[in-house]
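What follows is a single structure, written as structure tokens, with notes after it.
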């Protein structure tokens, strides 16, 4: 299995920004490797400032749980199994749609997080970028 590379990360970032631009949305995109280390980040000039932080936290959350953040939203609501998980770690998790794990040959190699649009839009941009880059 080959790890996620900076070339992969650049492709993901570009694909995510193209998908967002096509809908007139300004985003931030973050790519982390399997160890949670930053491989690539880009924020559109007019993206809301918090988008940088949310894209990174979404990527980290998707990586740690190997699950799209869109699939975890209900799991952290009061009374749900992971209700206390967002505050259980030193590094904050973010359970808002827009983070997805990245796989190659069936193995987790990293994660992509998108922030700046509505949660459903961010998730769609991430899925589109991963599919284009063949890292779904």
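Comparing 74, 66, 45 in a Gaussian network model of the chain (Cα springs below 10 Å), the most mobile by mean-square fluctuation is 45. Between residue 83 and residue 66, the simple spin-label model (points 7 angstrom out along Cα→Cβ) gives 2.8 nm. Counting 0.36 nm for each residue step from residue 91 to residue 26 and taking away their Cα separation leaves a gain of 20.8 nm.
Comparing 108, 85, 38 in a Gaussian network model of the chain where C-alpha atoms under 10 Å apart are linked, the largest mean-square fluctuation is found at 85. The distance linking region 1-49 with region 76-136 is 13 Å (Cα centroid to Cα centroid, whole angstrom). Of 44, 71, 105, the residue with the greatest mean-square motion in the GNM of the chain, using alpha carbon springs below 10 Å, is 105.
Given a cut-off of 25 Å, what percent of all Cα-Cα pairs of the chain lie beyond it? Spell out each step's value before the answer.
Working: 1673 of 9180 pairs.
Distances greater than 25 Å cover 18 percent of the Cα pairs.
Per residue, the chain reaches -11500 deg cm²/dmol at 222 nm when only DSSP H runs of four or more residues are counted, each adding -39500 (n - 2.57). Neighbour counts of other Cβ atoms within 10 Å put 125, 95 in the fewest-to-most order 95, 125.
Where a number appears in this text, it was derived from the coordinates with a stated rule and is not lab data. What you see is a predicted model, and the numbers here were worked out from it, not measured in a lab. Virtual Cβ from ideal backbone geometry, glycine too; neighbours counted across all protein chains shown.
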